[in-house]
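The values are calculated or read from the model by the stated rules, or taken from the named source; none is laboratory data. Predicted model, so just to flag it, every value in this text is computed and none were measured. Here the Cβ positions follow ideal geometry from the backbone for every residue, glycine too, while neighbour counts run over all protein chains shown.
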Amino acid sequence: MIDPRLLRAEPDLFRDSQLRRGADNSAVDRFLELDRSRRTAQQLFEEVRAQQKQMGKRIGPARGAEKRGELTEGQQAELARWLTEAEELSNRVKAAESEVADLEPQVEAAATEIDNLVDPDAPIGSESDFRTLHEVGKPRDFDSEGFSPKDHLELGEILRAIDTDRAAKVSGSRFFYLTGDGALLELALLNLAMNFATGNGFTPIIPPALVRPPAMAGTGFLGQAEENVYRLEADDLYLVGTAEVPLAAFHSNEILDAEQLPLRYAGFSPCFRREAGSHGRDTRGIIRVHQFDKVEMFSFCNPDEAVAEHERLLSWEQEFLDLLELPYRVIDVATGDLGSSAARKYDIEAWIPTQGRYREVTSTSNCTTFQSRRLNIRMRSKSGSPHPLATLNGTLIAMPRVIVALLENHQSADGSVAIPEALRPYLGGRDRLLPK
């Protein structure tokens, strides 16, 4: 949620940010209009309520005097006028209170239509307008090696590691089984990722995969992203599309000690996405699926440290991908491709040989104070009052796509796949996955 004080003071800042995203900037004016009406109604309520209290202070003693027979005829007439005025004030208080109550949810709804302020350094444009920051590693020249690379699904079948046919029979399209070495490969990646994260000071967490609406809304996954969310209507619960949701909500409605920040967590969870709007895209294999596992880094920090923390998350993602010996590039995501919560986002895209292009495997976003305001998470130093903190997230590993990249980049002509050195201890010391 945006900072309402900043919006009132600098509305053009928010209008411009919305335009940079390619979003509706009239949402800013709707909020301001409703906010003015709400504040006017609140002021009227407080003024009339104060008048009502003052009248009560006059009526109380007068009624006591009336019971004791101490009022003159003129004083009794004045008391009658006061009682009539008190009834009118009571009606006005109720009307003003009702108007405030009616406007509150409208103001809140209008606020949710305004996305986080984009970082002024983020490239402006749509999905294709990203800025490439750097490339790491060089894609293999399979032609010079004398063979054409097999795609991950063909390799998965040769290794008996991936089975999409039986998954389609059981669950439908965009599901998969990992079997044999495929399952062991994911577990090896999970253990490597969690050891890497804990070694860098992250607290490991296995969070719930079902959350209540406030957690989903608070992290910004309802609204523009809602079409890709699975909802269990009978229970009013949502299946998470990332561990970011339960990790962000972990400290909801809490005040954290500023001296303990940053708090960093690494959450492992299944993730569920409807993939609405992706019909016909990536239908082969396990590039784009409805269910997958992921290790997500999450940080709560002082807003003044958020930019530096964002760079740290990116560096950890790169360091982990380096362990997997994959060629990749880092991109600065354009404003039109940012989620509503993110002020800035970096993606890391691994090279996929059979597609001849880079594909996203991790990302990291700086959400500034947007999520903490929605989730009511604040920080307090010894000398200050509580105020919102910053939240940041970063995918350490998303299993299906990293497995795709590993199989395709490390394959040999016979269908075997070399295991990166960092993974070998988690696969019994083996240096290759062999055809079955």
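Okay, here's what the table says:
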{"read-out": "Single unsatisfied condition, residue 372 versus (1) farther than 22 Å from residue 255 by Cβ; (2) within 25 Å of the chain's Cα centre (by Cα); (3) at pLDDT 95 or above", "value": "(1)"}
{"read-out": "Close pairs from the range 346-363: first under 17 Å from residue 149 (Cα atoms), partner hydroxyl-bearing (Ser, Thr, Tyr), Cβ under 9 Å, at least 6 apart", "value": "350/328; 350/358; 350/362; 351/328; 351/358; 352/358; 354/148; 358/328"}
{"read-out": "Filter pass, residue 173 being small (Gly, Ala, Ser), at pLDDT below 95 and surrounded by fewer than 16 Cβ atoms within 10 Å (Cβ to Cβ)", "value": "yes"}
{"read-out": "Top-ranked residue in the range 248-279 [being without any contact (Cβ under 8 Å) to a residue 60 or more places away in the chain and more than 19 Å from the chain's Cα centre (by Cα); ranked as nearest to residue 195 (Cα to Cα)]", "value": "260"}
{"read-out": "Helices (runs of 4 or more DSSP H) contained in the range 1-107 and holding at least 3 residues surrounded by 16 or more Cβ atoms within 10 Å (Cβ to Cβ) and in contact (Cβ under 8 Å) with a residue 12 or more places away in the chain", "value": "11-21, 26-67"}
{"read-out": "Output for the range 155-187, where each listed residue is charged (D, E, K, R) and in contact (Cβ under 8 Å) with a residue 12 or more places away in the chain", "value": "160, 163, 174, 181, 186"}
{"read-out": "Number of positions in the range 173-231 that are assigned to a loop (DSSP other than H, G, I, E, B), farther than 29 Å from residue 323 by Cα and in contact with a Leu (Cβ under 8 Å, 6 or more places away or on another chain)", "value": "3"}
{"read-out": "Subset of the range 233-277 [surrounded by 14 or more Cβ atoms within 10 Å (Cβ to Cβ) and assigned to a loop (DSSP other than H, G, I, E, B)]", "value": "240, 241, 242, 243, 250, 251, 252, 261, 262, 273, 274, 275"}
{"read-out": "Subset of the range 121-146 that is touching a Ser or Thr at 6+ places or on another chain (Cβ under 9 Å) and closer than 23 Å to residue 25 by Cβ - its residue that is modelled with the lowest pLDDT", "value": "126"}
{"read-out": "Breaking point among (1) over 22 Å from residue 267 (Cα atoms); (2) touching a residue at least 60 places away in the same chain (Cβ under 8 Å), for residue 392", "value": "(1)"}
{"read-out": "Count - residues of the range 118-165 that are hydrophobic (A, V, I, L, M, F, W, C) and either in a loop (DSSP other than H, G, I, E, B) or not assigned by TED's automatic domain parsing to the domain that holds residue 352 (or both)", "value": "7"}
{"read-out": "Restricting the range 379-417 to residues that are outside any strand (DSSP E or B) and under 23 Å from residue 249 (Cα atoms), the residue that is modelled with the highest pLDDT", "value": "389"}
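Yes or no, residue by residue, for (1) in contact with an Asp or Glu (Cβ under 8 Å, 6 or more places away or on another chain); (2) aromatic (Phe, Trp, Tyr); (3) modelled with pLDDT under 95; (4) not assigned by TED's automatic domain parsing to the domain that holds residue 334:
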{"site": "17", "(1), (2), (3), (4)": "yes, no, no, yes"}
{"site": "23", "(1), (2), (3), (4)": "yes, no, yes, yes"}
{"site": "26", "(1), (2), (3), (4)": "no, no, yes, yes"}
{"site": "31", "(1), (2), (3), (4)": "yes, yes, yes, yes"}
{"site": "36", "(1), (2), (3), (4)": "no, no, yes, yes"}
{"site": "46", "(1), (2), (3), (4)": "no, no, yes, yes"}
{"site": "50", "(1), (2), (3), (4)": "no, no, yes, yes"}
